[in-house]
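Enquirer: If you scroll down you'll find the structure; I have some questions about it.
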């Protein structure tokens, strides 16, 4: 019997429009069938926790990269790449270097364990992977007041290696307790324990988890903050760091402008220069035409009035 026909029969029953004989048919035959089929239908709707994996070496970064392929209900086939040192993924690294070898190893994380089996040949490796959730992790999240993760949430927390150490670091730095959804979001956006610790070491604690995610999304990392500090921009508020990043105020750009004599240039001035396409080349061209000792405001005015339009 087609599912839409079954749904229609149930609607008739619920609205009281079914005849007595039809009601008997629904109660005796249709509902028992649904009781058996519905769990199967639900299982088919869930994400798959198994699939294919591939791996390759990235010697320039001293890494092995393992890509997991899996099926999702919403997006179809999805992938995620796990990167680690050859020591961390030893059996895969050995298979990649030796040309051909059987592979079986596990990636154990707080939320669950990934088991990979396969072989390597010709500098690449491939095989099948499976996943086992850690029930103790779900119990611990519930004990901490976060609730119980859904199977999908726990799977994603395993993939992103979001565990108890991450929760402890958030709490230790004074952030609010996240929801499980927020944990998954932070994991998928690359906010991890190292990111938290590096920001703290540079005296940065953001005002909320949403700000933390936004900073990571926009490429504000420890290297960027450290580069700004080395150029004299220390203890900038998070909003200013984000504004600098969004306006493409790269360390290289700031260094070039300072080298031209603008040693006391402010972040606001740098942002305005970027917005008006005032580059080091523009400043040099203006000076070559006799416009010397121009302030940032006068350079911007020069650009607005058409100087260097061909640049």
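Each value in this text was obtained by applying a stated rule to the coordinates, not by laboratory testing. As the structure is a prediction and not an experimental result, all values here were calculated from the model. Neighbour counts are summed over all protein chains in view; Cβ atoms, including those assigned to glycine, are modelled from backbone coordinates with ideal geometry.
Enquirer: Taking 2.2 N^0.38 Å as the expected size of a compact globular protein, what ratio does the Cα radius of gyration of region 211-311 give against it, to two decimals? Provide the component values of the computation, followed by the final result.
Expert: On the way: Rg = 14.5 Å, N = 101, 2.2 N^0.38 = 12.7 Å.
Scaled against compact globular proteins, the figure is 1.14.
Enquirer: Ok, one more. Below 8 Å between Cα atoms, with a sequence gap of 6+, how large is the relative contact order for region 47-159 in percent?
Expert: The normalised contact order for region 47-159 reaches 23 percent.
Enquirer: Which ordering of 150, 81 is given by a fewest-first count of other beta-carbon atoms within 10 Å? Kindly include the intermediate steps, with their values, before the conclusion.
Expert: On the way: 150 14, 81 10.
Neighbour counts put them in this order, fewest first: 81, 150.
Enquirer: Once label points are set 7 Å from the Cα along Cα→Cβ at both residue 104 and residue 171, what is their separation, rounded to one decimal in nm?
Expert: With each label point 7 Å from Cα toward Cβ, the separation is 3.8 nm.
Enquirer: So, one more: Which Rg and Dmax, in Å, describe the Cα atoms of region 129-204?
Expert: For region 129-204, the Cα-based Rg and Dmax read 12.6, 41 Å.
Enquirer: Additional query: For region 163-204, what log10 I(q)/I(0) values come out of the Debye formula at q = 0.21 1/Å, with one point per alpha carbon and no solvent?
Expert: Values returned for q = 0.21 Å⁻¹ are -0.64.
Enquirer: Does region 47-159 classify as rounded, prolate or oblate by the C-alpha gyration tensor (a ≥ b ≥ c root eigenvalues; a/c under 1.5 gives rounded; else a/b over b/c gives prolate, otherwise oblate)?
Expert: Working: a/c = 2.44, a/b = 1.87, b/c = 1.30.
It is prolate, given that a/c is not under 1.5 and a/b is the larger ratio.
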